[in-house]
Amino acid sequence: MHKFLIKINLMKIYPAKYLSGEINLPGDKSISHRAALFSAMAQGETRIENFASSADCASTLDCLKNLGVEIRRDNSTVFVKGTGKNGFQKPSRELDCGNSGTTVRLLAGILSGQSFESVLIGDESLSKRPMRRVIEPLTSMGAEFEAADSRLPLTVKGKKPLQAISYELPVASAQVKSCVLLAGLNAEGKTSVVNPKSKDRQPTSRNHTELMLKYLGANIEEKYVETGDGFVQEITIDGGSTLTAKDLLIPSDISSAAFFLVAATCLNGSELILRNVGLNPSRMGIIEVLKKFGADIEILNEREVCNENIGDLLVKGNGDFAPEAASNIISGEIIANLIDEIPILAIFGTRLENGLEIRNAAELRVKESDRISAVVENLRRMGANVEEFEDGLKVYRSNLKGAEIDSFGDHRIAMAFSVAALFAEGETTINGAECAAVSFPEFYDVLGEIVN
Ligand code: S3P
């Protein structure tokens, strides 16, 4: 059995031979946030199953409780008593969003349409992240804000009703799109969000909000307008919509699955089944890219649950996953589709014949850490040859060596480099490994179960 040595803040990881077994991963973080928030805004009681165990989603539940919502939790099952979209109470203290960008940006949209003032705060990392992207559209809907340099703490002075707008998204961001649509639920008339252009008729960012709002009965429509060289998607929500409580089942998180998909692909002889993984097309970029490079990933038992695609993934390490023919540049539209998987994709790049170049990914600089510099710094510590660009990085095929890794307090950096350690030579230490709990508290336990 593979051994981890756990100290409070520090994890030592050694090379592995292969991964094997069958695992059920925790619920999807993005979908769990939405399930909690939308069921709180619905009429009636909701039972949410397979709710994410992540610290981020616990922050969302805490904020909702602070807004007067009755919530009961029994492990991964959460019961929410909806208050209706206008039934929140003025919070008795600041709303602490912890490390969670999704919590703060979606809540900003919801709180903008309430008739009280509230203050959103977060941890050190979240307090550095840009909020102008939500302040701007919400201000044009009539809400008022106080925030030094458009960062947290953010005081939201709600307005009832808000004014409907048509908003052209400057970035392909699901958080901003969701924020405006949620504000639109409390606006007079119809609010539209116009997404950046895409080559095909497909959402340019994850569309869990649209799917779940529709599932809960909101009057929300989408249409694609042809522009000659592509399509522009416009999503419209009617401010007169109400949400009706319906039980929800959360698929397992494909972003958590990504670490094991890469590890199993790179460790020859691996055979792993991941059950009930969310397979929403707007999150499938990671599988598309891994398969393009020859990864042996099969989708089994595909079905639809609460408007979301879900299925089992069978991944095998076949030892031949790097055909030289595949283009080694990942850029453009697919970036938003795999934005959270880029740290682990960069690790994968060290195993590819022609390496991997990732561009148009400047958004990574304003995530939980500056993920471009965090990945480059740690890859260099492991002896990899890597170039840094303002909007991405290029990693060359490299044999990794065990090293001391800094998680920079970022969950996805800690987990990505834990996977790198499995095929590096010698011992790797992950400093600040406990931050994995932000999205995946069981990560090291699950890895311990399947690693050989
Ligand atoms: C998320 C959207 C993405 C993603 C984040 C979760 C969401 O952020 O990186 O981890 O749940 O809507 P952006 O919308 O800022 O791109």
Percentage of interatomic Cα-Cα distances in the stretch 29-249 larger than 21 Å: 51
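If you rank Y444, Y396 by fewest surrounding Cβ atoms within 10 Å, what's the result? Show your work: numbers first, answer last.
Working: Y444 21, Y396 17.
With the fewest neighbours first, Y444, Y396 line up as Y396, Y444.
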Within the chain, helix-based [θ] at 222 nm, where runs of 4 or more DSSP H residues each add -39,500 (n - 2.57), nearest 500: -8500 deg cm²/dmol
Values of log10 I(q)/I(0), in the order q = 0.06 Å⁻¹, for the chain under a Debye, Cα-only, solvent-free model: -0.24
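Roughly how big is the stretch 284-400's charge dipole about its Cα centre, with Cβ charges of +1 (Lys, Arg) and -1 (Asp, Glu), in debye to the nearest 20?
Computed about the Cα centre, the dipole is about 420 debye.
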Segment A362-S140, length gained on full extension (0.36 nm per residue, minus Cα span): 77.3 nm
Cα extents of the stretch 337-452 along the three principal axes, largest first (Å): 35, 29, 24
The stretch 128-153 and the stretch 58-98: distance between their alpha carbon centers, rounded to Å: 22
0 to 90° range, to nearest 10: angle between helix 411-422 axis and the chain longest Cα axis: 20
Set of aspartates and glutamates with alpha-carbon distance to K291 below 12 Å, sequence-local pairs under 8 removed: D320
Two-site label geometry, E298 and R151: point separation in nm, points 7 Å out along Cα→Cβ: 5.0
Kirkwood Rh in Å, taken over the stretch 132-219 so that all alpha-carbon pairs contribute: 13.8
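Would you kindly state how much longer the chain becomes between Q43 and K199 on full extension, computed as 0.36 nm times their sequence separation minus their alpha carbon distance, in nm to one decimal?
Length gained between Q43 and K199: 52.3 nm.
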Helix 254-266 axis, angle to the chain major axis (alpha carbon atoms, nearest 10°): 10
Relative contact order (%) - criterion: Cα under 8 Å, at least six apart; region: the chain: 18
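Among K90, K177, K394, rank each residue by its count of other Cβ atoms within 10 Å, from fewest to most, as a rough exposure measure.
Values: K90 13, K177 28, K394 19.
Ranking K90, K177, K394 by Cβ neighbours within 10 Å, fewest first, gives K90, K394, K177.
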For the stretch 382-437 versus the stretch 234-257, the gap between their alpha-carbon centres in whole angstrom: 34
Pairwise label distance in nanometres, S115 with A326, each label 7 Å out on the Cα-Cβ vector: 5.7
Tilt relative to the chain, helix 371-381 - C-alpha long axis, 0 to 90 degrees, to 10: 20
Cross-link partners of K246 among lysines (Cα-Cα below 27 Å; sequence separation of 8 or more within a chain): K29, K65, K81, K85, K90, K160, K177, K190, K214, K223
Sorted by Cβ density within 10 Å, fewest first, the residues S54, S150: S150, S54
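How high is the FRET efficiency from K401 to N318, r the C-beta distance, R0 22 Å, rounded to 0.05? Show your work: numbers first, answer last.
Numbers: r = 25 Å, r/R0 = 1.13.
With R0 = 22 Å, the Cβ-Cβ based efficiency is 0.30.
Take every DSSP beta bridge with both residues inside the chain and express the antiparallel ones as a percent of the total, to the nearest 5.
On the way: 59 of 81 bridges.
For the chain, the DSSP antiparallel bridge percentage is about 75.
No lab work stands behind these numbers, since they all come straight from the coordinates. As the structure is a prediction and not an experimental result, all values here were calculated from the model. Cβ atoms come from the backbone with ideal geometry, glycine included; neighbour counts cover every protein chain shown.
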